[in-house]
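Heads up: the structure comes next, in structure tokens.
The values are calculated or read from the model by the stated rules, or taken from the named source; none is laboratory data. This structure is a prediction, so every number in the text was calculated from the model and none was measured. Counting neighbours? That spans all protein chains shown, and the Cβs are built from the backbone with ideal geometry, glycine included.
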Amino acid sequence: MYSPALRGSPTPSRASTPSARAASPFAVPQSADPQPRPSYHAFKDRTNEFFTTVESIASRSSNGPMETHALLRTSRNDSNGKQQLSGGPPNSQSAFTREAASVGKEINLTMEKLSRLAKLAKRRTLFDDRPEEINQLVFLIKQDIARVSGRISSLQQSLNEAKRRGPSQSSRSPASTSTPVPLAANRHAADHASSVLFSLQSRLASTSSEFKDVLEVRTRNLREQKQRRDQYGFAGAPTDGTAGGGPAAPGSGTLGGIAPPAPSPSPFPSVASAIPPSSDSPLYRSSPLAESGLLHRHSSASARASPIPNGGSPTPRDSSDHVIDMGSSGANAPYTSTAYAQQQLLAPASNAYLDSRRDAIDSIESTIAELGQLYQQFVQVLAGQRDQVRRIDEDVAAAEINVDRAGAEIARYYQNLRGNRMLMVQAFLVVMVFVLLFVLLM
Amino acid sequence: MSHLNPLRECQIEAINSMLNLNPKEQDASGATLSDPVWKVLVYDQMGQDVISPLLKVNQLRERGITVHMPLNSERQPIPEVPAVYLIEPTSQNIKRVAEDLSKQLYESYYINFLSAVSRPLLEELASETIQAGTSRLIAQVYDQYLNFVCLEANLFSLNMNLSYFQLNNPAESEHSISQTVDKITASLFSVVATLGSVPIIRAARGHAAEMVAQKLDARLRDHLANSRSNLFVDSGNPSTSFSRPLLVILDRNADLVPMLAHTWTYAPLVHDILEMKLNRVTVISDEKNGQRSRKVYDIDVTDFFWSRNAGTPFPQVAEDVDAEINKYKKDVDEVTKSAGVTSLDQIDANDFSANAKVLKTAINQLPELTERKRTIDMHMNMATSLLNSIKERNLDFFFAQEETISKQTKTSVLDAIKSKGSPDDKMRYFLIWYLSTDDQSSEDVAELEVALQEAGCDMAAVKYAHRMKAFGRMTSASVAPSAISSSPGDFLGKLTGMGSKLTDHLKEGTLISNFGGAYDTIISNVKNLLPTRKDLPITRIMDTLLDGTSADNDEYLYFDSRVGRTRGEQIGKGNRVRTVFQEAIVFVVGGGNYLEYQNLQEYAQRQSQKKRITYGSTELLTANQFLNQLALLGQA
């Protein structure tokens, strides 16, 4: 009857026990049976035992409470379907509870995404980078966080409103209690709500700071990857067309070998933009420059798009001229190589300037981000202070009970006193009446 | 399974799972990412005592507890929230729970009893809830086996009251004594169950310890024989005894001296003088213009300073506080130096990122630093307060005297009694002397008693000590001429000439109260006063018992709940497990203190093979509390 399987899991067995037990009124001695041999563990589930006891007592106590028993059973079966969360009158959960639960769920989902992102971001491979996936995740998480924080703040607002409004909100008070409990007066419920909010907030904060960490890791990895690529590729090799602006600088240096390396390389920048494609791969470096020059001529037209601000003059003609220049020099192989070497030497000079500009911008950007994080950490530190060292047995509760009791005592004493006062007034009146009588009679 | 977790960790684990609404094994793994459930925690006094040294409020928050309330307070309804109850199984508590149910305070009820709930009580709960038709609201009923208070990794207390008095009071009825013993047994069973291993029990003969051991053995046997869900980890044949711990149950009467002794190491001092209770210390400091400020500190037993210094002598603690303060100052300076900018020259316009990084690391360090500051401040204040008391009560003098107690003569004791110091301290000193030395003449004792009376002592405790000693002489003559009764004298007498030198030194030097910068002076004055390494009797008992291979420890009863069904009988010598134990639990019936705990831990550390000794007692008593119990017994 009382099989170990029943002990195993409370929820399903609870559904089955009522039907089984209700049929047998002899459940009493049987359910009492396991008691003298208790089973011990660091913790022991007695739930089933309890419910069999309930059943047995309910069935034992004859017909009287039979209805309640039946009611009990049905409602329990009902609730079983709904995970016994809302079996009785307070059927609909309040908006707050529902909202809080769903926000919690959402944070969890975000956490999952985040851990996936972290896994992706931590990979250091050069080839299998999957930037789209990462970007997508980043975007999604960003959205999630924004949405969750929006929801939390709206929760906060509604809570504050409810606090101000006090009573009314019918859904917050169980239907069974006769009078609706005003939320403002119900300190415990308010405590509960605010600490739910607090825990949501702190979880969100930890999520977003984790997110920031992951992004940082990602940025660092990207930087490292770029460095590595730079090492193997041409210095400042652009990875795509649009990035050509900055790293294109070496191009102007390239020509500097022929033209005077003036600080204002105004006539040449257009060519500069054309050169880079040649440096895309180290292979090109060894190829005859003439050929690359020709190549430039073709590509320059298309590469024209890359914006160099001072390029009012640059025309296709210009560039081709220079390219031809280069091409002619390219015919002279030894010269070219020396020129090239010079170009290489000169390249960093002007390159450094633009690089430093870019780095400065980068660093400013990251500084801003970091400062943002600092603020957040400050907030967290402040928030963390609140509960850091409290223990549950702070005598607060005890003191409060005492204060309450004292209040009650004082009230009673006051009642007493008032009683006395009435008595005194009465006595005084009686005396006065007598005095009056006495005086009158005299 | 050869290494069990420390008791504290086991208990925290159990509470975690309880707060997690007792998940089944399989879904316990994925519990971290499950959706959060916000719960309310309701506890009675004992539940509060169990939880409060283990988890702080913010840790409870992390585990989804939003509000925590005592069972007997006025509670307002929090609808739609499950409530976790952690209560003792008493009729009163059950009535209160039923009341909560009928008031529909919460959504569902997870009831956890601190110890096994008996059948009648369970039925009471059932019938109460049936009447109100609320039994379906109860989601779980669990026995948790947590009715002991774990204070440090290897220290627990049953938090009883006046246990020594109750067990030794001749006027106490048989019934109430057996009730007390039952309670102790239940709690010890919980300890064993929480550790998850069936121990081999050794117990001192006679008195309460034997009763406890027998009952515990019977209970373990019942459990092992009958239960379906026996989840002691090492269920199996008795030969796997390597992993089994040794549970030694001793009686307080075996050795009263450590309970009264003046101590000189940090944790015992904090406990004895500042009356640490449940890892919480209240420091009353005299501030300027006589205003008293009262500060309450929680000692986190994992706090770096405490774990390092709990067993070190006080002067070294003072030294260490000083060192820590200096280290902290240095660290703070470093952080400000690296993060702060002292002049405009240092601002590098192009180096924003570097600046930000430094600032960031500084911020990251900040919480750690503040935490350290808090810890150091706390210990600093405690140490100051200790020092004041030591100075005020002349404790160093008493300590030095007691270190060499067997060398003290009547006159030196008389001098001590007539010198300055509080009556309680003098009484303690006298009792230690009286209990540790054998050959005092009755005239001497009488003379000393007169002196004590003049010093304003309550003589009730002495009366009890007389009785004790007479009884002890009787039994030690007849039954066991063992180490117990005679031991205090010889082991305390190992110190030789050092004592007098020390006391001279101390008399010259004045302790300086101002902690601010005057450590050096204090230390130079007190430095030599280091306790000699010596084992207390309990530690020495453990030493012989842990080494199960040596056979001559028959004065202790032997129980092995796994072997046979010969209840109450002694197991034949052939069947005994002969092994050197690695894990042991020492339980002292009738009160214990930090001095013994420290001593045992020190002993365990010292062993070449690492051992773990868990120390527990019915209650942790300061010397004065114990003295009060003795006095009560004297009056009885």
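Residues A:187, A:223, A:203: which one is within 14 Å of chain B (Cβ to nearest Cβ), closer than 19 Å to residue A:115 by Cβ and either surrounded by 13 or more Cβ atoms within 10 Å (Cβ to Cβ) or modelled with pLDDT of 70 or more (or both)? I'd like the intermediate steps shown before the answer.
Numbers: A:187 fails: closer than 19 Å to residue A:115 by Cβ; A:223 fails: closer than 19 Å to residue A:115 by Cβ.
Being within 14 Å of chain B (Cβ to nearest Cβ), closer than 19 Å to residue A:115 by Cβ and either surrounded by 13 or more Cβ atoms within 10 Å (Cβ to Cβ) or modelled with pLDDT of 70 or more (or both) holds for just one of A:187, A:223, A:203, which is A:203.
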Only one of (1) touching a helix residue (DSSP H, G or I) at 6+ places or on another chain (Cβ under 7 Å); (2) buried (at least 23 other Cβ atoms within 10 Å of the Cβ) does not apply to residue B:634, and that is (2)
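Conditions tested, residue by residue: (1) closer than 18 Å to residue B:462 by Cα; (2) of a type in the set (Ser, Thr, Tyr); (3) without any contact (Cβ under 8 Å) to a residue 24 or more places away in the chain; (4) part of a loop (DSSP other than H, G, I, E, B).
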{"site": "B:396", "(1), (2), (3), (4)": "no, no, no, no"}
{"site": "B:414", "(1), (2), (3), (4)": "yes, no, no, no"}
{"site": "B:425", "(1), (2), (3), (4)": "yes, no, no, no"}
{"site": "B:434", "(1), (2), (3), (4)": "yes, yes, no, no"}
{"site": "B:451", "(1), (2), (3), (4)": "yes, no, no, no"}
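Taking the options B:378, B:382, name whichever one is buried (at least 22 other Cβ atoms within 10 Å of the Cβ) and either over 26 Å from residue B:316 (Cβ atoms) or modelled with pLDDT of 85 or more (or both). Walk me through how you get there before you give the answer.
Working: B:378 fails: buried (at least 22 other Cβ atoms within 10 Å of the Cβ).
Unique residue meeting the criteria: B:382.
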Qualifying residues in segment B:99-127 (those that are among the polar types (S, T, N, Q) and farther than 19 Å from residue A:52 by Cα) - the one surrounded by the fewest Cβ atoms within 10 Å (Cβ to Cβ): B:102
Within segment B:158-189, track down each residue that is surrounded by 12 or more Cβ atoms within 10 Å (Cβ to Cβ) and among the acidic types (Asp, Glu). B:172, B:182
